[in-house]
Amino acid sequence: MNDPTLSRIELLQGTLDFIILQTLRWGPRHGYGIAQMIRASSGGALQVETGSLYPALHRLAKKKWVSAEWEIAESGQRVRVYTLTAAGRKQLATESSKWERLSRVIAGLMRPPKESDA
Amino acid sequence: MKRPSLRDRDARDRDLDDELRAHFAMAVADRIARGESPHDALAAAQREFGNITHVKEVTREMWGGAWIERLAQDARYAVRVLRRSPVFALTSIATLALGIGVTTAMFTVVRSVLLRPLPFAAPNELYVVAHEPDRLLEVFGDAMPDHEYAAFARAARTFSATAAYRTYPGTLLGAGEPARLPIAAVSPSFFATLGVRPRSGNVFASTADQPGADNVAIISASLARERFGADAAAIGRWITLDGYRKRVIGVMPEGFEFPRRPAVWVPLGENRDPKNTRMETVIARMSPSATVAQADAELHAFVSNEERKPVPYRREHAYTRIIPLRDQLVGDVRTPLVMFSLAVGIVLLIACANTANLTLMRATTRRHELAIRTSIGASRGRLVRQLLTETFVIAAAGGVVGLALAFAGVRFLLAVLPPGLLPRTNEVHVDPVAIGAAALAIFAAAALSGIVPAVVASRRDPREALGDAGRTVARAPLRKLFVAVEVGLSLVLLVGAGLMIRSFERVRGIDLGFTPRSLATATLDFPETRYRTTESVQNASSAILNRLSAIPGVWSASVVNWMPLDSAYIAGDFSRRDGPAVPDNYMVLKPCVSANYFATMGMHVREGRGFLPSDVAGAEPVVVISESMARALWPNGGAIGQLLTFANLPGARDWMRIVGIVDDVVHGDPRDTPMPALYRPIAQVKELFFVNHLTFVVRTNGDPSAVIGMMRPAIHAVDPEQPIASIASMDAELRATIAEPRFRSFVLIAFSIMALVMAGVGMYGVLAYAVSERTREFGIRLALGAEPRAIVRLIGTTTAAATVPGLVVGIAAALGAARLLTRFLFEVPPTDPFAFGGATGVLLAAAFVAAIGPARRAARVDPTIAMK
């Protein structure tokens, strides 16, 4: 069970799209796999609800940032696997630089102000 | 982008299903692999996954085009839900059908009559130009003397074309059965001014108004169809109109019925005699470069120039004006149509308020369903959408039924419409624009009656609804507001109808001065070509009177030249031998009657005697005067025996002796004050002009309808070629003269009844619901020893609380609205307490009736059942 004191982080729509694209950078993955990977790489802090994940995946597919293929899993189950497209990669690059800038700014805001800045 | 087809969507739906299933299966498998028991794994995975329907729904929304599917789905669901509550559905549909139906029907009429352009070329350039003595306005409408028109047509610079016309009834021979038809005498420029062409043949040549060239006629499409079959058969045919032979040279297109639906157009001869005071309507097409102000200035300059010319008669004060042709055509009907439009607007509003109320109540009873839908993940917007879709389905169904009602309603309206009350009725029909208006009404109705209930219903907290449903006492202020609105609006209509009924009763109660019951009339015109002398008409009239008297069931037969209810009459002046001169403007009616006319009509001879069979051509000329004339000229009595004359320079034989005084009778519109009258025995009349239009009046022993059928053969036995203008009972003639107020009352009453029924349904709904919601409370009260009567009183209070505010607001609104009706009210003030009291009483009675059922149910609540 998750640590109940660790409240789930609410994700903005754009953020989820970015995280999904980011996840797909390491190779094609199905929806469940993406959810698991996000949870694992955030140390359980990020839990993507199916009600957000699938709309996001279908939205990204519609924007042609990811492509979807049906594959047969080892269990014999039909699964839909999402792959990052070239357009998706480009979008990810833009988003990444935006995110880096944003996190630098946020990080700056978190630091106590220096005397000279006051 | 291409929208995926429904088949694609089905495949995508299955794919999505598979995708989510796989996700779920993998989650369960992972948990089992981590060592959870299959049971726990399933439960945990389910919790984690959430509501699969919701996930599908939000994912599908990403596909685009989902709104169509959702709409279809909502509509399907709405239909299913509505079928489960047929009473609600049918009541709402019927209510909205009525509202939309009357709105569409009225819109159709208003548009055809008031809004659609006249069927002429560039109709906005057409004006009516008038210059006439003030006192003639009532008789001729906007008009101009014949000789002035010719001068004006030559002088006008601001008008590119001018035309004059007159209409009158004429006798048609030579085309089947003799007939009395409306004729329009028009100047040769008439058709060119309007910019219309005949459908076959030609218009009048510019010389057609000259003697010798005027033996031509153009006929209407309906006359061509009825009398000749085809245009080709009509063109070139010779017909006889009022004794003049005319060759048909053209047939006008279907629907061209200007002015006043004539069957035949003939050239209007120019009469240069300046003494002639024949009046004509003058229409003119304004030059595109000219303005109304310029035209006005030109007309005033022309008129002041004309008025400086010497004339052999006294100049009277005359008015001058230029008005758009459309205003002249629809002027009289605009106000009633606006009034009716307001009334239908009110009906539609009430229908919407009613549906809103029903929807609101139903939303409350559906609280449970809505709460479940909210708790399984339906968003509030989704619920509002769903509820609005339901209202829309109702409104659409109501609209379809309403459109059918509108079709039927317009037909019905045209059938019951008194002829001549509305212009352009031939152009009234439900068309695509009207259907568009109905569609608009549907949207308006759905929005008006759906939004508030949908928002209110979706606002509820599901926990409350699911938890202690039925325990809360809903005060429902919105529902009471809707009922108040319905009551108030209904009151406005009821007051309007009440005022109309009161006014109509007054009109019916008018003392006509004669007894119309059991009277039958036949009106004939004696064309000059066949009856050249007064004697010939007098002989024919006596012969016809003899035949009519012989009909079984006829008690007495008499004749008069212009009967009391006729809109036309002969009036004029006279002088008296002794006493002060008769005032200049004192005019009297000059009826000519047979000896037993007063007895036949049921008029009382107050003093002296009526006419006798001995009052013939050679005997002393005698007259009988009406009471008001006697009072005006001989206020101290002594009228009997006095001598009067119509002649300017009377000779010895021109004096007529007053031998009697009779009751005043109304003439034309019963609402007008009776004009003084001076009766002469028809046998002593010398001028043909006084006798070539005669109405034979017979008093029957009972029902005149039996006699009416035998009057035509009696007349044709004397002259088989004699056209008969009309045969009718006097009651029917009377009904025709009051057809307009009757029609207005009828329409307003019909609307009021609709409003009343809807308001009643609304009140019933609110009360029935209030009772069902408070069943538990009533049960407790009864269990604690409350008298059932107290419960009934409680319902009474609730009824009053829902009704009285509406009544108060309604009375205030009605006081304002009634002022619009002032013009149509006869001897009834717009604040008539009986109309207001009656309307309030009717609504209170409706509220009482609506309350009976719920009150009885409340009093019969079984405490043991209610409190379980």
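The values are calculated or read from the model by the stated rules, or taken from the named source; none is laboratory data. Please read all numbers here as calculations on a predicted model, not as lab measurements. Note: ideal-geometry Cβ built from the backbone for every residue, glycine included; neighbour counts use all protein chains shown.
If I filter the range B:703-715 for residues that are outside any helix (DSSP H, G or I) and surrounded by fewer than 20 Cβ atoms within 10 Å (Cβ to Cβ), do I get at least one hit? Yes, because at least one residue in the range B:703-715 is outside any helix (DSSP H, G or I) and surrounded by fewer than 20 Cβ atoms within 10 Å (Cβ to Cβ). Can you say whether B:A230 is under 32 Å from the mean Cα position of the chain (by Cα) and hydrophobic (A, V, I, L, M, F, W, C), as far as the supplied structure shows? For B:A230, the condition - under 32 Å from the mean Cα position of the chain (by Cα) and hydrophobic (A, V, I, L, M, F, W, C) - is not met.
Scanning the range B:39-60 for residues that are modelled with pLDDT under 85 and more than 7 Å from chain A (Cβ to nearest Cβ) yields B:E48, B:N51, B:I52, B:T53, B:K56, B:E57, B:R60. Residues in the range A:28-77 that are within 9 Å of chain B (Cβ to nearest Cβ), over 13 Å from the mean Cα position of the chain (by Cα), under 12 Å from B:A22 (Cβ atoms) and small (G, A, S): A:A73, A:S75. Among the residues of the range A:78-103, the ones that are in a strand (DSSP E or B) and either crowded, with 16+ Cβ neighbours inside 10 Å or more than 10 Å from chain B (Cβ to nearest Cβ) (or both) come to 6 in all. Within the span defined as the range B:406-413, one or more residues are aromatic (F, W, Y) and either closer than 27 Å to B:F824 by Cβ or at pLDDT below 80 (or both).
Against the list (1) in a helix (DSSP H, G or I); (2) at pLDDT 80 or above; (3) not aromatic (F, W, Y), the condition B:G35 fails is (1). Regarding the range B:570-588, can at least one residue be identified that is in a strand (DSSP E or B), within 30 Å of B:T700 (Cα to Cα) and either touching a Cys at 6+ places or on another chain (Cβ under 8 Å) or at pLDDT 90 or above (or both)? The answer is no; no qualifying residue exists.
Scanning the range B:112-131 for residues that are in contact with a helix residue (DSSP H, G or I) (Cβ under 7 Å, 6 or more places away or on another chain) and free of Cβ contacts under 8 Å to residues at least 24 places away in the same chain turns up just one, B:P117. With respect to B:L815, is the statement that it is surrounded by 20 or more Cβ atoms within 10 Å (Cβ to Cβ), touching a residue at least 12 places away in the same chain (Cβ under 8 Å) and among the aliphatic types (A, V, I, L, M) true? It is false that B:L815 is surrounded by 20 or more Cβ atoms within 10 Å (Cβ to Cβ), touching a residue at least 12 places away in the same chain (Cβ under 8 Å) and among the aliphatic types (A, V, I, L, M).
Residues are listed down the side, and each one gets a yes or a no for (1) under 30 Å from B:A759 (Cβ atoms); (2) modelled with pLDDT of 75 or more; (3) assigned by TED's automatic domain parsing to the domain that holds B:T59; (4) under 31 Å from the mean Cα position of the chain (by Cα):
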{"residue": "B:V303", "(1), (2), (3), (4)": "no, yes, no, no"}
{"residue": "B:R308", "(1), (2), (3), (4)": "no, yes, no, no"}
{"residue": "B:T355", "(1), (2), (3), (4)": "yes, yes, no, yes"}
{"residue": "B:L360", "(1), (2), (3), (4)": "yes, yes, no, no"}
{"residue": "B:L370", "(1), (2), (3), (4)": "yes, yes, no, no"}
{"residue": "B:A378", "(1), (2), (3), (4)": "no, no, no, no"}
{"residue": "B:R382", "(1), (2), (3), (4)": "no, yes, no, no"}
{"residue": "B:T391", "(1), (2), (3), (4)": "yes, yes, no, no"}
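Note on the range B:38-132: enclosed helices (runs of 4 or more DSSP H) holding 2 or more residues that are of a type in the set (S, T, N, Q) are B:52-60, B:86-110. Only residues that are without any contact (Cβ under 8 Å) to a residue 12 or more places away in the chain and within 37 Å of the chain's Cα centre (by Cα) were counted in the range B:650-693, giving 2. Here the range B:7-28 is the region considered, the condition is being facing chain A (nearest Cβ under 8 Å) and either more than 18 Å from A:Q77 (Cα to Cα) or touching a residue at least 12 places away in the same chain (Cβ under 8 Å) (or both), and the residue that is surrounded by the most Cβ atoms within 10 Å (Cβ to Cβ) is B:H23. Of the residues B:D703, B:D719, the single one that is more than 30 Å from B:F88 (Cα to Cα), of a type in the set (D, E) and at pLDDT below 85 is B:D703. A single member of B:F689, B:F696 is of a type in the set (F, W, Y), modelled with pLDDT under 90 and not in a loop (DSSP other than H, G, I, E, B), and it is B:F689.
Restricting the search to helices (runs of 4 or more DSSP H) fully inside the range B:758-862 and requiring at least 2 residues that are touching a Pro at 6+ places or on another chain (Cβ under 7 Å) gives B:775-783, B:788-821.
Kindly indicate whether any position in the range B:523-535 is part of a strand (DSSP E or B) and of a type in the set (A, V, I, L, M, F, W, C). Yes, the conditions are met somewhere in the range B:523-535.
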